[in-house]
1. Within the range 34-43, does at least one residue satisfy the condition of being modelled with pLDDT under 90 and touching a helix residue (DSSP H, G or I) at 6+ places or on another chain (Cβ under 6 Å)?
2. Note down all Cβ pairs under 8 Å where the first residue falls in the range 34-56 and is at negative phi, the second is of a type in the set (Val, Ile, Thr) and surrounded by 12 or more Cβ atoms within 10 Å (Cβ to Cβ), and they're at least six residues apart or on different chains.
3. Could you run through the range 42-59 and say how many residues are surrounded by 12 or more Cβ atoms within 10 Å (Cβ to Cβ) and part of a helix (DSSP H, G or I)?
4. Could you list all residues from the range 5-23 that are under 21 Å from Asn35 (Cα atoms) and not in a helix (DSSP H, G or I)?
Amino acid sequence: MYLTRRPWPIFKALSLRPAYRQAIDGHIRIAETLNSLIQEVSKRIREMVEESPKAMLLTTMPGISYFSAF
C-alpha cells in the first residue's frame with residue numbers, strides 16, 4: 001500500500017540544476033510523509049478490526065482484508 005522507495009536513491013543521486021533538485025527533494029519528502037500517514041492509518045484500522053469479533057470473522061474469508069472488513 002505504500003509508495004515505493006525503490007527509485008528514491010536514484011533520484012537523490014542525480015546531478016541536477018538547483019531548481020530541479022529542490023523540486024525532486026520536495027516530492028520525495030511528500031512521498032515519505034504520505035508513507036508515514038498511510039502506516040499510521042493502516043495500523044489503526046488493523047487495531048479496530050482486531051477489536052471487533054465480527055470484523056475478525058470476515059477476515060477469515062479469502063479476499064477479505066482488514067480494510068475490507070472495516
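1. no
2. Going by the 8 Å Cβ cut-off, the qualifying pairs are Val49/Thr59; Ala55/Val49; Met56/Val49.
3. Here the count works out to 9.
4. Arg5, Arg6, Pro7, listed by residue number.
The values are calculated or read from the model by the stated rules, or taken from the named source; none is laboratory data. Remember, it's a predicted structure, so these values are computed and weren't measured experimentally. Reconstructed Cβ throughout: ideal geometry from the backbone, glycine too, with neighbour counts over all protein chains shown.
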